[in-house]
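This report refers to the structure that appears directly beneath it.
The values are calculated or read from the model by the stated rules, or taken from the named source; none is laboratory data. The shown structure was predicted, so the numbers you read here are calculated from the model rather than taken from an experiment. Cβ placement follows ideal geometry from the backbone for every residue including glycine, while neighbour counts extend to all protein chains displayed.
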Amino acid sequence: MATIIRPMKSLTFTAVDAAPLDGSTTGRTYQAKDREVHAAVILAAQNITPYITIDEETDSVTITIDGTGADGNTAVFNIYGYGEDGPAERIYHTVTTTLGTAVAGTGRLYAEEIAGTDVHTGVIGIQDRELNSNSMAKVTFDTRGLRYLYFEPTTFTTLTALTFHIREWGSK
């Protein structure tokens, strides 16, 4: 069996989501129809779409994070998954990521610490995540049955931008 590795997809946020999904407010429920409604609000405010479409052959994703800021700056976010037409499923919730000193590009540093609440049906893997390790932490989880990943930044502490780099992989 061959391994499928897709080109990296990236989402950059320059502000937090001022009105996150809450499950009951109009336009912010977990229903599939609200994914597009809520995304349109963020799209207009930040000129981005807060979700990616996962290819059908994808079994898992590995996510690395970088940001515009300084060593020790933090951000808090949530990750949701949607099936083709199903509701949002919380995957990784109230996740705090901390920038380290590993350079990701001009003015950008990789996150070296990632810690949150795993609420996925499978295990969330967090690798290479030590503060002051000058490393690049990564998150890996199973995406079988999901069609979209939805990213929701809720807090920036001194950061001016946060980028999620999503690498999809699976088997043929």
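The condition of being under 20 Å from residue 133 (Cα atoms), hydroxyl-bearing (Ser, Thr, Tyr) and surrounded by 16 or more Cβ atoms within 10 Å (Cβ to Cβ) holds for only one of 97, 101, that being 97.
For residue 153, the conditions (1) of a type outside the set (Ser, Thr, Tyr); (2) modelled with pLDDT under 90; (3) touching a Phe, Trp or Tyr at 6+ places or on another chain (Cβ under 7 Å) all hold with the exception of (2). Of the residues making up the stretch 83-93, at least one is touching a residue at least 40 places away in the same chain (Cβ under 8 Å), assigned to a strand (DSSP E or B), under 17 Å from the mean Cα position of the chain (by Cα) and over 16 Å from residue 60 (Cβ atoms). Put simply, of 107, 116 the only residue that is modelled with pLDDT of 90 or more, of a type in the set (Gly, Ala, Ser) and surrounded by 18 or more Cβ atoms within 10 Å (Cβ to Cβ) is 116. Being assigned to a loop (DSSP other than H, G, I, E, B), modelled with pLDDT under 80 and either basic (Lys, Arg) or over 21 Å from residue 84 (Cβ atoms) (or both), is that true of even one residue in the stretch 24-46? No - not one qualifying residue is present in the stretch 24-46. Determine if the stretch 121-137 includes at least one residue that is touching a residue at least 40 places away in the same chain (Cβ under 8 Å), of a type in the set (Val, Ile, Thr) and surrounded by 14 or more Cβ atoms within 10 Å (Cβ to Cβ). So far as the stretch 121-137 goes, no, none of its residues is touching a residue at least 40 places away in the same chain (Cβ under 8 Å), of a type in the set (Val, Ile, Thr) and surrounded by 14 or more Cβ atoms within 10 Å (Cβ to Cβ). Considered as a group, the residues in the stretch 138-172 that are among the aliphatic types (A, V, I, L, M) and within 13 Å of the chain's Cα centre (by Cα) include one that is surrounded by the fewest Cβ atoms within 10 Å (Cβ to Cβ), and that residue is 166.
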